[in-house]
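Student: Take this structure first; my questions come after.
The values are calculated or read from the model by the stated rules, or taken from the named source; none is laboratory data. None of the values given here were measured: they were computed from a predicted structure. Because the Cβ atoms are built from the backbone with ideal geometry, glycine has one as well, and the counts that use them run over all protein chains shown. Just the protein is used for accessible areas: all its heavy atoms, side chains included, with ligands, DNA and RNA removed. Shrake-Rupley method; radii C 1.70, N 1.55, O 1.52, S 1.80 Å.
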Amino acid sequence: MRTSAAGNKTSSVRGFTLLELLVVVALIAIATAGVSLSLRDSADSALERDANRLAALLETARAQARASGLPVVWRNTPTGFVFDGLPAPGLPQRWLHERTQTTTSQAVVLGPEPLIPAQSIGLTSTTGTSPTWWVVSDGLRPFQAQRTPEWAAR
């Protein structure tokens, strides 16, 4: 049997306590939940991205119409949308999210004049859970994405 002299400490191997293990597991669970919730893509954020992208595309087409002196017409199609009057390869013709659709069936004429009539295009999701986003312009200002257009807020 081993004995130790006075003042000498024996080294004993200790493991983690149950409380320490539970704290670590709880922290990992909370971190995992936070990351998974932040990575989720809701239908509303997808619709907002499509609205912002459409506003940028409409402004690009409007600038090209003014530069070429020829009108560019945006119209909705069953699979997305199309810009008539642009040279090949043109602009993208599909939504970023496959569930995006427009509430507008009329064509939007972009230029070549600097002033165009006031335009608005409503975007909804086929899931029906998210509100409508609007891509609007008063004809002078650039197109922009809005949850509630200015004309509806009055």
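Student: Full-extension gain between Gln106 and Leu37, please, as 0.36 nm times their residue separation minus the C-alpha to C-alpha distance.
Tutor: Working: separation 69, 0.36 × 69 = 24.84 nm, distance 3.81 nm.
Stretched fully, the Gln106-Leu37 segment lengthens by 21.0 nm.
Student: Determine the share of region 49-125's accessible area contributed by carbon and sulfur atoms, expressed in whole percent, with a 1.4 angstrom probe.
Tutor: 54
Student: Going by average Cβ density within 10 Å per residue, which order do the peptides 14-25, 95-106 take, highest to lowest? Display every interim value, and only then the final one.
Tutor: Working: 14-25: 9.4, 95-106: 15.5.
Averaged packing, sorted descending, gives the order 95-106, 14-25.
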